[in-house]
1. Give the stretch 199-219 a look and list any residue that's touching a residue at least 60 places away in the same chain (Cβ under 8 Å) and either open to solvent by less than 10 Å² (accessible area, probe 1.4 Å) or away from ligand 1 (no atom under 13 Å from the Cβ) (or both), or say none.
2. Would you check which residues across the stretch 411-433 are under 17 Å from A461 (Cα atoms), out of contact with any Phe, Trp or Tyr (no Cβ under 6 Å at 6 or more places or on another chain) and at pLDDT 90 or above and list them?
3. Is it true that V234 is within 16 Å of ligand 2 (Cβ to nearest atom) and surrounded by 17 or more Cβ atoms within 10 Å (Cβ to Cβ)?
4. K426 - would you say it is open to solvent by 60 Å² or more (accessible area, probe 1.4 Å) and not in a helix (DSSP H, G or I)?
5. Run down D384, D371 and say which single residue is within 29 Å of the chain's Cα centre (by Cα), farther than 28 Å from A189 by Cβ and either part of a loop (DSSP other than H, G, I, E, B) or away from ligand 1 (no atom under 16 Å from the Cβ) (or both).
6. When G178 is evaluated against the numbered criteria (1) surrounded by 19 or more Cβ atoms within 10 Å (Cβ to Cβ); (2) within 14 Å of ligand 1 (Cβ to nearest atom), which criterion, by number, is the only one it fails?
7. Would you pick out the residues in the stretch 138-160 that are in a helix (DSSP H, G or I) and open to solvent by 70 Å² or more (accessible area, probe 1.4 Å)?
8. Please count how many residues of the stretch 167-181 are of a type outside the set (A, V, I, L, M, F, W, C) and within 13 Å of the chain's Cα centre (by Cα).
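The values are calculated or read from the model by the stated rules, or taken from the named source; none is laboratory data. None of the values given here were measured: they were computed from a predicted structure. Cβ placement follows ideal geometry from the backbone for every residue including glycine, while neighbour counts extend to all protein chains displayed. These accessible areas exclude ligands, DNA and RNA; they are computed on the full protein's heavy atoms, side chains included. Shrake-Rupley method; radii C 1.70, N 1.55, O 1.52, S 1.80 Å.
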Amino acid sequence: MGQLAELQTIDDLLADAWTRIGGKLNAMYGDAIYRSWLKPIRFAGSEDGRIVLSVPTRFVREWVGSHYGEQIATLWLEEQVFEGYAIAYVVGAAAVGASAESPVNEPVALDNIITASNWQGNEVVDSDLHMGAALDPRYTFDNYVVGKPNELAHAAARRVADSAAVVPGCNPLFLYGGVGLGKTHLMHALAWHIRANSPQRRVLYLSAEKFMYQFIKALRFKETMAFKEQLRSVDVLMIDDVQFIAGKDSTQEEFFHTFNALVDQNKQLIISCDRSPSDLEDMEERVRSRLGWGLVADIHATTYELRLGILQSKLEQRPEVTIPPKVLEFLAHKITSNVRELEGALNRVVAHATLVGRPVTLETTQEVLHDLLRANDRRISIDDIQKQVANHYNIKVSDMHSARRSRSVARPRQVAMYLSKKLTSKSLPEIGRKFGGKDHTTVMHAVKRIEELMASDSEIANDIELLERIVQN
Ligand code: ADP
Ligand code: MG
């Protein structure tokens, strides 16, 4: 009995201490954060020299642990009630020692919760356990080379980044373009910029995949309230690669509600995607139209000038290596697929030069990159196909462009159209244009005709397959 009385006294002391700590936390972090995250924490008692705090959900436990855990621990130390204590956060409202039937629910020592957080008021959190994703320090506006293909997207991003509030007509800012053309780079640059210039604005950057993952996790642990609350408490929400949630119905639904809630509260949204809103076929119509509400800016395929500019800028960041302009021009000319591949090529050349310690020349570059160059060369052109097919059937290349209908030229022409469709990524109208300005229906007809012939006549099928192999080599 005496022991129990003593315990209660200690717990009373601890409860008073917690009230004081709460006041300090409130003063430190402000009302909004205090009310969302800290006020719901209850002092639940002490047990084996541990202070037990209860939190409403697992999500809040993780969040509090990683963002405020260290501060809370420090404040407890200052209270000097215990010596050498630990803090356990438990989920649920169970009070320790109140009765045998309410055991501590999954106590977690503070040490087990990631405390290495770098929350600084408007943090983009970077741990798998949390919502946001890490920002790449290299992806800044300073390191982004602007050229014709990306000038609109860049200008829009800068505009949004420079503004202290939502930019009218730019909410959401929807950036789209092919793989490796700099969408993620631009988004990170935006986030860095806002962090540096408006530290009071809370920025959350995450991929659509992570959005879905977090959402599913919240559903599983019945923490959707906390999930929603957290998403809706930010000032700037960035979702990268939104095409990922096309076709994922419930995630799309959640995204739609988050989207609406944020726009209603006049918060800034920035979305990236690999295609335009209207091309998001598996996305619900209402979501699609919402995505296109603000400013839609596309990033086009790179030009030679932009590629060269990017190479030069990347080299400026590595003053220890010199690469002759000829080599840079060669790379800009040859590696046309996307910026990521271009960067990769440059890195290989630089790595080779520094490892071997020999100056970089056109020859060494070609040697180091032979596989990459071959892959970029392997992209078959319609011109090649026409040449090879004409050669094979012993007709003139110019017959490919002519309007002559005699069987001896019409059939090879159809074969060339068929191969162009099969081996290049050109559209039917583009192919038609290459064959002396023919209509896309003519190309379509040719493709069908050859397919039929191949299906019914194995000799023709063999012949065309042989041609295909010739063209590919
Ligand atoms: P995406 O997200 O569109 O697939 P990323 O943003 O990941 O493309 O870009 C791929 C790589 O190319 C990154 O390393 C990025 O820094 C670089 N990059 C792309 N565009 C530019 C540019 N305009 N200037 C400098 N670097 C660029
Ligand atoms: Mg990306």
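1. Within the stretch 199-219, P199, Q200, R201, R202, V203, L204, L206, K210, Q214, A218 qualify.
2. R411, R413, Q414, V415, A416, M417, Y418, L419, S420
3. No: the conditions fail for V234.
4. So K426 fits the description; yes.
5. D371
6. Just one mismatch for G178, condition (1).
7. Of everything in the stretch 138-160, those that are in a helix (DSSP H, G or I) and open to solvent by 70 Å² or more (accessible area, probe 1.4 Å) turn out to be K148, E151, L152, R158, R159.
8. The qualifying residues number 4.
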